[in-house]
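**Student:** A single structure is presented below for examination.
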Amino acid sequence: MKSVIPVELPQQSYDIAIASGGLEQLGNWLIGHGSQPLKLGKKILLVSSPPIFKHYGTQAITSLEQAGFTVAQCILPAGERYKTPASLQKIYDVALENRLERSSTILALGGGVIGDMAGFAAATWLRGINFVQVPTTLLAMVDASIGGKTGVNHPHGKNLIGAFHQPKLVLIDPQTLKTLPAREFRAGMAEVIKYGIIWDAELFEKLEQSQRLDQLRYVSDDLLQEILTRSCQAKAHVVSKDEKESGLRAILNYGHTIGHAVESETKYKIVNHGEAVAIGMVAAGQIAVALDMWEQASSDRQLALLEKTGLPTKLPGGLDIEAIAASLLTDKKVKDGRVRFILPTQIGTVTITDEVPADVIRQVLHAMQQT
């Protein structure tokens, strides 16, 4: 299993490499195994989390050192509650201790939280140094590692502190998914289903045809290749058209508007990101139905696919609907005080609108409360 997907950008294009066993060749990829030489300096700061570093840290460092790199490490707790300026400070401290230079590289080995924090550190250390993504979760492989969005959370909102900073390379080794907990695999599948709704109806149909999607062991190698390749191609295409989210790229936030509010209001302790996105997609689908933009039958297909994947489709118990509504106003996509929603019009196509009445949002959220 090997493929290379280019992300074409005006100032810094790069490759998404999907290579089974690629982690063993990490050093070679960084010295020019891909389609273009990366021209990186010799110092690398590897940022990871304890469980990922335990599984893959030695393998990654050995490969890098064999390729001639000097490697320092910064191990941080994973999880949205740790995605804070305090964690960022720890990366800066290690960068200073090891005298990282403008030619040096910060390399993220882990999931989306590690990638976001390491990327923001790379964007801001010495006003910007090289960055490499080596995602080890499905969610990071198909979404978080691609596109250059980096950042940390503010107590009152997700990813409110951040920057766009494109990686030099995204190296995806599907073998690392073998140690991924089933819940995290399902979280990644939420983003895959998202691509089916916003961009790729054929991918959505292929997922519908699968008997089970709730664990990696039920997904064939061929379907996994389809999932990784088509999801990465969709995101690469959108990012290439709109790097800084001035228009088209906003469709990638399907399910995220209400999803982020749910994460924030549960203090990042009840649902993970993918689960929140699944809840947000159900809400967006029902809002679209209420506004006569989408057929109920299509919304039902989305719901059935999410349920087959084992993802939540109801709001966590005890959530205050008014608190969620208020949280929506802190979302990054708010413009002129109006919340922008990405709503489906058919499977494979969505539209962006700020014409969603508040009472419709509340009606849908109340209907999604657990009984």
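**Student:** What do you reckon, is residue 190 crowded, with 17+ Cβ neighbours inside 10 Å and touching a helix residue (DSSP H, G or I) at 6+ places or on another chain (Cβ under 6 Å)?
**Tutor:** Yes, satisfied.
**Student:** Say we look at segment 316-371 and pick out the residues that are within 22 Å of the chain's Cα centre (by Cα) and of a type in the set (Lys, Arg); which of these is least open to solvent (accessible area, probe 1.4 Å)?
**Tutor:** Filtering segment 316-371 for residues that are within 22 Å of the chain's Cα centre (by Cα) and of a type in the set (Lys, Arg), the one least open to solvent (accessible area, probe 1.4 Å) comes out as 333.
**Student:** Let me ask you something else. Among the listed residues 106, 91, which satisfies the condition of being in a helix (DSSP H, G or I), modelled with pLDDT of 95 or more, open to solvent by less than 10 Å² (accessible area, probe 1.4 Å) and assigned by TED's automatic domain parsing to the domain that holds residue 146?
**Tutor:** Sole residue among the options that is in a helix (DSSP H, G or I), modelled with pLDDT of 95 or more, open to solvent by less than 10 Å² (accessible area, probe 1.4 Å) and assigned by TED's automatic domain parsing to the domain that holds residue 146: 91.
**Student:** Follow-up. Based on this model, can you work out whether residue 145 counts as among the hydroxyl-bearing types (Ser, Thr, Tyr) and surrounded by fewer than 21 Cβ atoms within 10 Å (Cβ to Cβ)?
**Tutor:** no
**Student:** Out of all the residues in segment 1-15, which are of a type outside the set (Phe, Trp, Tyr) and within 30 Å of residue 222 (Cβ to Cβ)?
**Tutor:** Once the filter is applied, which keeps residues that are of a type outside the set (Phe, Trp, Tyr) and within 30 Å of residue 222 (Cβ to Cβ), segment 1-15 yields 1, 2, 3, 4, 5, 6, 7, 8, 13, 15.
Conditions tested, residue by residue: (1) open to solvent by 10 Å² or more (accessible area, probe 1.4 Å); (2) farther than 28 Å from residue 27 by Cα; (3) part of a helix (DSSP H, G or I); (4) not aliphatic (A, V, I, L, M).
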position: 150; (1), (2), (3), (4): yes, no, no, yes
position: 158; (1), (2), (3), (4): yes, yes, no, yes
position: 167; (1), (2), (3), (4): no, no, no, yes
position: 170; (1), (2), (3), (4): no, no, no, no
position: 177; (1), (2), (3), (4): no, no, yes, no
position: 196; (1), (2), (3), (4): no, yes, yes, yes
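**Student:** How many of the residues in segment 150-168 are at pLDDT 95 or above and basic (Lys, Arg)?
**Tutor:** Qualifying residue count for the region: 1.
**Student:** Now, a different point. On the given criteria, is residue 54 touching an Asp or Glu at 6+ places or on another chain (Cβ under 8 Å) and either surrounded by 21 or more Cβ atoms within 10 Å (Cβ to Cβ) or farther than 17 Å from residue 104 by Cα (or both)?
**Tutor:** Considered against the rule, which asks whether it is touching an Asp or Glu at 6+ places or on another chain (Cβ under 8 Å) and either surrounded by 21 or more Cβ atoms within 10 Å (Cβ to Cβ) or farther than 17 Å from residue 104 by Cα (or both), residue 54 comes out as no.
**Student:** Output the residues belonging to segment 109-142 that are part of a helix (DSSP H, G or I), touching a helix residue (DSSP H, G or I) at 6+ places or on another chain (Cβ under 8 Å) and open to solvent by less than 10 Å² (accessible area, probe 1.4 Å).
**Tutor:** Selection gives 114, 115, 117, 118, 121, 138, 140, 141, 142.
**Student:** For residue 310, all conditions in the list (1) under 22 Å from the mean Cα position of the chain (by Cα); (2) closer than 27 Å to residue 238 by Cα; (3) of a type outside the set (D, E, K, R); (4) open to solvent by 40 Å² or more (accessible area, probe 1.4 Å) hold save one; what is the number of the exception?
**Tutor:** Status for residue 310: all satisfied but (2).
**Student:** Follow-up. Being in contact with a Leu (Cβ under 7 Å, 6 or more places away or on another chain) and outside any loop (DSSP other than H, G, I, E, B) is the filter here, so list the residues in segment 207-218 that pass it.
**Tutor:** 207, 208, 216
**Student:** For segment 1-68, which fully contained strands (runs of 3 or more DSSP E) count at least 2 residues that are at pLDDT 95 or above and more than 20 Å from residue 143 (Cα to Cα)?
**Tutor:** 43-48
The values are calculated or read from the model by the stated rules, or taken from the named source; none is laboratory data. Small disclaimer: the values here were computed from a predicted structure and weren't measured. Every residue, glycine as well, gets a Cβ built from its backbone with ideal geometry; the counts of neighbours run over all protein chains shown. Quick note on the areas: whole protein, heavy atoms, side chains included, nothing else; ligands and nucleic acids left out. Shrake-Rupley method; radii C 1.70, N 1.55, O 1.52, S 1.80 Å.
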